[in-house]
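Enquirer: Dropping a structure here in structure tokens format, bear with me for questions.
Each value in this text was obtained by applying a stated rule to the coordinates, not by laboratory testing. Predicted, not measured: the structure shown is a model, and the values here were computed from it. Every residue, glycine as well, gets a Cβ built from its backbone with ideal geometry; the counts of neighbours run over all protein chains shown.
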Ligand code: F6P
């Protein structure tokens, strides 16, 4: 009997932990059943171009701790709406059947997709077309509602927290106000957790539109206490009450084309009229996704990889592995999409931060 063939791909923005999932999945599958694994390069683009590498004990050795992805990633290539050249012009087409034919040709039995909501939407759509799909929840933003925590989030929080420590010393030395922009799209999880851990004075998140006068008030309160510097952490997708989020860039061939960016610079400029301090802004950007994976994310990713192998062994396709109440579980891909998880403005963590005296600009 032919070996089971498992294909893996990593889609969307990279996140620390992708390699640990690949490592664990490869090892668990090889140990659990007679199988062969391949990895498509650059996410769904590799599936379209049939561009893959073998995943073996040897090709995956030593990658557990490393950030990034040995399979490379792309957050542009939606095969259900794919940009191709036809008769000299670029047109968007549904090329999913072509991709399925590629998998058939290679004898792929199972497709394991590591991604956030854009990548998992396509995973669901391939499952609807009869492909045996397993999803694994990735994103530093932690905004997937169907799992308690995505891998990559803890690493990003650690990176931001460390950088807030660095920004503290220089900000205090100059008696400045520093506005630090962090990732997260429309979810404030990174700002909230790193803001608390990194002793921010003000945390601005998309879920709580801010009032500039409240931000000014907090800075002045600190001045009155002899704390002549202020650290503001702001999520890229945050907005002023009655205002709009600041879009930095549109990536047209991406399933979710909006890239937020620029809110920290806007706040810094808006504040200038109202406070005497020098104000600086700093966008941490892709530093938040780089470097080695945190210990927590390594363990979480290993658990996800092993749980995905278990679902394959049990033939439970069309599901995404998830973390529920500290246990590994799984949920139908049908219920994953659209179930975005945002910070509850009245939730325990926001209230705890407020009890510390942190302002949310509300
Ligand atoms: O979804 C993860 C994320 O890092 C967001 O926080 C951020 O807005 C976006 O990806 C950035 O994407 P890109 O890699 O296209 O700049």
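Enquirer: Relative contact order of the chain, please, whole-number percent, based on alpha carbon pairs below 8 angstrom and at least 6 residues apart.
Expert: Once divided by the residue count of the chain, the mean separation gives 22 percent.
Enquirer: Okay, moving on. Nearest 5 is fine: what % of DSSP beta bridges in the range 156-290 come out antiparallel, could you say? Before the final figure, lay out the partial values.
Expert: Values: 3 of 18 bridges.
Of the beta bridges lying entirely in the range 156-290, close to 15 percent run antiparallel.
Enquirer: Something else now. List 297, 270 from most exposed to least, where exposure is judged by having the fewest other Cβ atoms within 10 Å. Working shown, then result.
Expert: Details: 297 30, 270 15.
In increasing order of surrounding Cβ atoms, one gets 270, 297.
Enquirer: Quick one: order 90, 328 by neighbouring beta-carbon count within 10 Å, fewest to most.
Expert: Neighbour counts put them in this order, fewest first: 90, 328.
Enquirer: Give me the angle, in degrees from 0 to 90, between the Cα long axis of helix 295-314 and the longest principal axis of the Cα atoms of the chain, rounded to the nearest 10.
Expert: 30 degrees
Enquirer: Have a look at the range 235-293 and give its Rg and Dmax from the Cα atoms, expressed in angstrom.
Expert: Values for the range 235-293 (Cα only, Rg and Dmax): 14.2, 44 Å.
Enquirer: What list of whole percents do you get for P(r) of the range 234-362, with Cα-Cα distances grouped in 5 Å bins up to the one holding the largest distance?
Expert: Histogramming the range 234-362 at 5 Å steps yields 2, 7, 10, 13, 15, 18, 14, 10, 5, 3, 2, 1, 0 percent.
Enquirer: For the chain, what does -39500 (n - 2.57) per DSSP helix run (n ≥ 4), summed and divided by total residues, give at 222 nm, in deg cm²/dmol to the nearest 500?
Expert: Estimated from H runs of four or more residues: -11000 deg cm²/dmol.
Enquirer: Now for a separate question. Normalised by the number of residues in the range 23-169, what is the relative contact order in percent for Cα pairs under 8 Å and 6+ residues apart?
Expert: Reported relative contact order: 14 percent.
Enquirer: If you line up the long axis of helix 212-224 against the longest principal axis of the chain, both from Cα atoms, how many degrees apart are they, to the nearest 10?
Expert: Helix 212-224 and the main axis of the chain meet at about 60 degrees.
Enquirer: Antiparallel as a % of all DSSP beta bridges within the chain, to the nearest 5?
Expert: 35 percent
Enquirer: Express in whole angstrom the spacing between the alpha-carbon centres of the range 1-21 and the range 283-329.
Expert: 11 Å
Enquirer: Give the order of 104, 138, 93, 341 when sorted by the count of other beta carbons within 10 angstrom, beginning with the fewest.
Expert: Arranged by neighbour count, lowest to highest, 104, 138, 93, 341 become 104, 93, 341, 138.
Enquirer: May I pose another question? Using the Kirkwood radius built from alpha carbon pairs, what does the Stokes-Einstein equation give as D for the chain at 37 °C and 0.692 mPa s, in µm² per second? Provide the component values of the computation, followed by the final result.
Expert: Numbers: Rh = 21.4 Å.
Once the numbers are plugged in, D ends up at 153 µm²/s.
Enquirer: If you stretched the chain out fully between residue 362 and residue 148, how much longer would it get, using 0.36 nm times the residue separation minus the C-alpha to C-alpha distance? The partial results should precede the final answer.
Expert: Working: separation 214, 0.36 × 214 = 77.04 nm, distance 2.69 nm.
Fully extending the segment from residue 362 to residue 148 adds 74.4 nm.
Enquirer: To the nearest 0.05, how large is the calculated FRET efficiency for residue 228 and residue 272 if R₀ is 25 Å and r is the Cβ-Cβ distance?
Expert: So the FRET efficiency works out to roughly 0.90.
Enquirer: Okay, moving on. State the Cα centre-to-centre distance between the range 167-221 and the range 340-362 in whole Å.
Expert: The two parts, judged by their Cα centres, are 12 Å apart.
Enquirer: Nearest 0.05, what FRET efficiency do residue 344 and residue 212 give at R0 = 30 Å with Cβ-Cβ as r?
Expert: 0.80
Enquirer: For the range 87-192, just list the percent of Cα-Cα distances falling in each 10 Å bin from zero outward, please.
Expert: 12, 29, 23, 19, 11, 6, 1
Enquirer: Please report the projected area of the range 156-290's Cα convex hull averaged over all directions, in nm².
Expert: Values: hull surface 31.9 nm².
Projected area, direction-averaged: 8.0 nm².
Enquirer: If you line up the long axis of helix 153-173 against the longest principal axis of the chain, both from Cα atoms, how many degrees apart are they, to the nearest 10?
Expert: For 153-173 against the chain, the angle is about 20 degrees.
Enquirer: Over the Cα atoms of the range 118-162, Rg to Rh with Kirkwood Rh, two decimal places? Provide the component values of the computation, followed by the final result.
Expert: Numbers: Rg = 13.4 Å, Rh = 11.8 Å.
Rg divided by Rh gives 1.13.
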